[in-house]
1. Run lengths n ≥ 4 of DSSP H only: what is the helix-derived mean residue ellipticity at 222 nm for the chain, with -39500 (n - 2.57) per run over all residues, to the nearest 500?
2. Sort D344, D254, D195 by heavy-atom solvent-accessible area, probe 1.4 angstrom, most to least.
3. Considering only DSSP beta bridges whose two residues both sit in the chain, what percent are antiparallel, to the nearest 5?
4. Would you please give the residues with an amide H less than 5 Å from that of F292, counting only those at least 5 places away or on a separate chain, with H modeled from the backbone geometry?
5. Pull out the extension gain between K263 and E192, defined as 0.36 nm times the separation in residues minus the alpha carbon to alpha carbon distance; nm, one decimal.
6. What is the set of long-range amide H partners of I244 at a cut-off below 5 Å, with H atoms built 1.01 Å from backbone N?
7. May I have the convex hull volume per residue, in Å³, for the Cα set of the stretch 148-282?
8. With every protein chain in place, what's the accessible area of D320 (1.4 Å probe, Å², nearest 10)?
Amino acid sequence: MRIGIFTETYTPYISGLVTSVVALKTALEKKGHQVYVVTANLESYHYNYDEKEHILRIPGIPTGIYNSRLTSIYPIQAVNKIKSWKLDVIHSQTEFAIGLFARLFAKQFNIPLVHTYHTMYEDYIHYINRGYFDRSSKKILEYLTKFYCDKTASELIVPTNKTYKLFKEKYKFEKNIHIVPTGMEVERFFKENIDRKKVEKLRKSLNITKKDIVIIFVGRLGEEKNIDFLLKAQKRLNQKISNIKFLIVGDGPDRERYEKICKKLGITQNVIFTGKVAWDEIPNYYQLASIFATASKTETQGLTIIETMAAGVTPVCINDEAFLTAITNKLNGFIFNTEEEYQDIIMMLSKKKVERERVSRQARIQAEHFSSAQFAENVLVVYRRAIENKNKYRFGFLSKISKKLKGEDK
């Protein structure tokens, strides 16, 4: 099968979406399929095609929103190159410019299109409206989401039951919805595959000792991740546990605000901000920690949970449906509802190494169920359905645009 994956971001950019796409591409290729990636060029204003890796990067204009770029919705220079790939199916991973290009190209050349919905956009709308016109903004967002996912896609993939409910119960989605938990190359995070010398070097550079109890958070430092919750809890934990540290791996628009909160709370000495970390270095950071913590309620699945479980680190997560796909409370991780519950769990884990190790072993076992190989196999089922039904769906106004591109609309 010849597969085109259209995504707004790709390596070397780091995000859950990139992790998902890289894992899918690699696993599909291992199964003998030819995979091409179309993405935005985040590093220059030029077109770039990597012949070896089959990655086409399209230039765009910086948006000012966390290193993203707005590309043309129909970049002519890219069309002939993509035509030469003779794609059997297109898999869109974005609702923005690259995603619209995927839809136009799919319609023009009669290629079935599968779309994966990765982001609960209602939780991110504050970046656009700054708190104003919240209700009307969400209605517009609902309309656009339904258009991108229902009107223009042959088949829809969502990673969790939480997202499935959004489309079925709130958006009244009519087409097929496939719940396919995102997989990844979990073996990257296995302890036995980590270079211990690199970990020890990293430990020294961050001034972490082997006696320290380290809580780790990995992700984008934005308001929606609710890191404020963890920082406030950290102040109380520091008062009870002298050797506990909070390691925050990643960068984002709210990093400076979080650093100011640490100063105000008097916990600067116990909180470590690493800043942006290279994708291939992330596994080393997990090996510094005993506990992974997140209080985010905006995840569709939370891939860092799978990463931390694969790394053998005990996950402690707020009670959100996105995490319940992977975590069974007190078996392979812990779920909390309040700050008091969170602190009690951390206190218990800091004292009971045997319990930490028991749960981390179960977490590792569960993580293996999210292998990229199984992920690819599940996605291939959706691709085949889309190909079988490729003439079933019509795309409304995209058909009109497609005709104009073909020169048929006189």
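1. Numbers: 16 runs with 164 residues, N = 410.
The helix-only estimate for the chain comes to -12000 deg cm²/dmol at 222 nm.
2. Numbers: D344 95, D254 25, D195 70 Å².
Of D344, D254, D195, the descending order of accessible area is D344, D195, D254.
3. Working: 7 of 50 bridges.
That works out to approximately 15 percent antiparallel.
4. Close amide H contacts, sequence-distant or interchain: I216, T314, V316.
5. Values: separation 71, 0.36 × 71 = 25.56 nm, distance 3.75 nm.
Gain on extension, K263 to E192, equals 21.8 nm.
6. Here I213 satisfy the definition.
7. Hull volume over Cα atoms, normalised by residue count, gives 166 Å³.
8. Using a 1.4 Å probe on the heavy atoms, I get roughly 20 Å².
The values are calculated or read from the model by the stated rules, or taken from the named source; none is laboratory data. Values in this document were obtained by computation on a predicted structure and should not be read as measured data. Glycine gets a Cβ as well: all are built from the backbone with ideal geometry, and neighbour counts include every protein chain shown. These accessible areas exclude ligands, DNA and RNA; they are computed on the full protein's heavy atoms, side chains included. Shrake-Rupley method; radii C 1.70, N 1.55, O 1.52, S 1.80 Å.
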